[in-house]
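Here the structure is laid out as C-alpha cells; the discussion comes afterwards.
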Amino acid sequence: MLFPDYRGRRLRATDNFRRMIRETKLSGDDFILPLFAVEGRAVKKPIESMPGQFQLSVDHIVDQARAARDAGIPGVILFGIPDKKDGLATGAYASDGIVQKAVSAVKEAVPDLSVITDVCLCEYTDHGHCGVVEKGCVDNDASLDLLARTALSHVQAGADMVAPSDMMDGRVAEIRGILDDEGFTHIPIMSYAVKYASAFYGPFRQAAECAPQFGDRKTYQMDPANSDEAVREATMDIEEGADIIMVKPALSYLDIIYRLRQEIDLPVAAYNVSGEYSIMKAGEMMGWVNAKEIIMETLISIKRAGADLILTYSAVDVARELNG
Ligand code: PBG
C-alpha cells in the first residue's frame, strides 16, 4: 500500500493508538539487577565510575534486594569484592566468602526473590584474571575445578542460579557435573556464553576491583568482530548444559542478540554493561541527554532485538517508572 492510501501517521496520532499497536513492551519481569557486595557493616560506598551505584555491605545488599523485589523485579545477580586476593582465588569458593554470606542473607530476608551469582575468579585473584595463571598465561583446564567449586559453594549458600562469566572452555560442563553430583540437578546455569573482550567493562572493573594486572582478557573473551563464533560458543554451552545463553555487552551487539534469538531455542539474556550505563549517566551530567529517556529507549532496543531478559543497573528505576 502506498501513500495516499496508506498513511503511517494515522496510528501515531494519539497515545492510545500508539499503545494499541506497540510491538515491544518492557516490564519489571524483564530485568535482573546486579549488586556489588563488600565486607563490613553499614558500608554504602559510591562507585565513582558508575553514578548511582554502590559497593554494599551485606545489610545494604539485603535492603537493595528488598527494593528490587518491591519494584517487581524477579532476580538480582551478586558480585563479590573480597578483602583479600591471592593466586588461587581462595575467596571465591570459601564457604564464608563475601558472595556466600550475601546470598544466604538475601535468601533469608527476601526468599521470594531469585538470587543469581556471577561465577568468576577475577575479583578474587591477585593478578585480576578470570582463571589461574601459569607461566604468565591463563591456564584453562587448571581453572575449571576452581570455577566449579565456586559455583557449588554459591549454591550451597542458597543461590537459585549460577552465571559463569570467566569464558574458560568447558566450564559449563564442569559446573553442571559438580552440581548434579552434589544433588543440585534443579539449579539452572545462565552462561555468559557470548562475552566479548569489551572496553565497555571499564567502569565495572573499578566497581569490582578486578582489572587485570598484566595483559588483557583477549585470550579468553571474544573478538568484537565475530558473529559466527557467537553461534559456535552458544551451541557449545547448550551442549554442555546451559539453560540460558547470555550476550554481553548488549548495545554494540544487538545483531548478535537478534541472530541468537533466531538460531537457538533457549532463553537469551543480554547484559547492559557498566560502560553503557555510565556513558548515559555522564551524558546527563553534562546536560546533553535525558538519561531516563535514553535508558528506556536502549532497553526497548535490547528487548526488540530478541533478549528475553536484561541485566541492567537501571533495573529498579526503570521498573518503578513502568509501574507508574
Ligand atoms: C567478571 C565480569 C565482568 C563483568 C561481569 N562479570 C568484567 C570483565 O569481564 O572484565 C562486566 C560487567 C559490566 O561491565 O557491567 N569477569
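Across the range 46-62, coupling constants 3J(HN,Hα) worked out from phi with the 6.51/-1.76/1.60 Karplus curve, θ = phi - 60°, read x, 8, 4, 7, 9, x, x, 10, 9, 7, 10, 6, 4, 4, 6, 4, 4 Hz, and Gly and Pro carry x. When only Cα pairs below 8 angstrom with a gap of at least 6 residues are kept, the chain shows a relative contact order of 18 percent. The order of GLU229, GLU174 by accessible area, most exposed first and with a 1.4 Å probe, is GLU174, GLU229. Ordering VAL289, VAL155 by accessible surface, largest first, gives VAL289, VAL155; the 1.4 Å probe counts only protein heavy atoms, with every chain in place.
Relative to the longest principal axis of the Cα atoms of the chain, the long axis of helix 228-240 lies at roughly 60 degrees.
Under 5 Å between amide hydrogens, built in the peptide plane, is the criterion, and for PHE31 it picks out ILE310 among residues at least 5 positions away or on other chains. Compared with the dominant Cα axis of the chain, that is its longest principal axis, helix 140-156 is turned about 80°.
Estimated at the nearest 10 Å², the accessible area of MET168 is 10 Å² with a 1.4 Å probe. Annotation: per residue accessible area for the chain equals 46 Å², rounded to a whole number [probe 1.4 Å, protein chains only]. Over all orientations, the range 25-323 has a Cα convex hull whose mean projected area works out to 14.2 square nanometres. Candidate cross-link partners of LYS303 among the aspartates and glutamates, defined by an alpha-carbon separation under 13 Å and a same-chain spacing of 8 or more, comprise GLU23, ASP29, ASP30, ASP255.
Pairs of Cα atoms under 8 Å, at least six residues apart: use those to get the relative contact order of the range 82-145, whole percent. Could you put the intermediate results ahead of the total?
Details: 68 pairs, mean separation 21.5, N = 64.
Relative contact order of the range 82-145: 34 percent.
The residue list VAL318, GLY158, MET222 was ranked by how far each Cα lies along the charge dipole of the range 25-323 toward its positive end, using unit charges on Cβ atoms, and VAL318 comes out on top.
Could you give the dipole magnitude of the chain about its Cα centre, charging the beta-carbon of Lys and Arg +1 and that of Asp and Glu -1, in debye to the nearest 20? Display every interim value, and only then the final one.
On the way: 34 positive and 49 negative charges, 322 e Å.
I would put it at about 1540 debye.
Computed 3J(HN,Hα) for the range 80-88, one whole-Hz value per residue from the Karplus formula 6.51 cos²θ - 1.76 cosθ + 1.60 where θ = phi - 60°, is x, 10, x, 6, 10, 10, 8, x, 9, glycine and proline marked x. Placing a label point 7 Å from the Cα of GLN206 along the Cα-to-Cβ line, the residues of the range 42-65 whose backbone N sits under 19 Å from it are 44-56.
Taking all Cα pairs closer than 8 Å and separated by 6 or more residues, the relative contact order of the range 179-296 comes to 30 percent. Pairs LYS45/LYS135; LYS45/LYS248; LYS44/LYS84: which are spaced more than 28 Å apart, C-alpha to C-alpha? Flagged as over cut-off: LYS45/LYS135.
Ordered by 1.4 Å accessible area with all protein chains kept, HIS127, HIS186 run largest first as HIS186, HIS127.
Sparsely packed loop sites in the range 253-324 (the GluC sites (Glu not before Pro) outside DSSP H, G, I, E and B with at most 12 other Cβ atoms within 10 Å) do not occur. When the charge dipole of the range 25-323 is built from unit charges on Cβ atoms (+1 for Lys and Arg, -1 for Asp and Glu) and taken about the Cα centre, the candidate among VAL110, CYS130, ALA92 whose Cα reaches farthest toward its positive end is VAL110.
Residues whose amide H falls under 5 Å from that of TYR196, counting only those 5 or more places apart or on a different chain, are MET222, LYS248, with hydrogens built in the peptide plane.
Rounded to the nearest whole Hz, the Karplus-based 3J(HN,Hα) values (6.51 cos²θ - 1.76 cosθ + 1.60, θ = phi - 60°) of the range 169-180 follow the sequence 5, x, 6, 5, 4, 4, 5, 4, x, 5, 5, 5, with x at glycine and proline.
Rounded to the nearest 500, what is the chain's calculated 222 nm mean residue ellipticity when only DSSP H runs of at least 4 contribute -39500 (n - 2.57) each, over all residues? Write down the numbers at each step before the final one.
On the way: 11 runs with 125 residues, N = 324.
Taken over the chain, the calculation gives -12000 deg cm²/dmol.
Which percent of the accessible heavy-atom area of the chain goes to carbon and sulfur, probe 1.4 angstrom?
Values: 7490 of 14800 Å².
On the chain, the fraction of accessible area on carbon and sulfur atoms equals 51 percent.
The values are calculated or read from the model by the stated rules, or taken from the named source; none is laboratory data. The shown structure was predicted, so the numbers you read here are calculated from the model rather than taken from an experiment. All Cβ positions, even for glycine, are placed from backbone atoms using ideal geometry, and neighbour counts span all protein chains on display. SASA here: full protein model, heavy atoms, side chains in, ligands and nucleic acids out. Shrake-Rupley method; radii C 1.70, N 1.55, O 1.52, S 1.80 Å.
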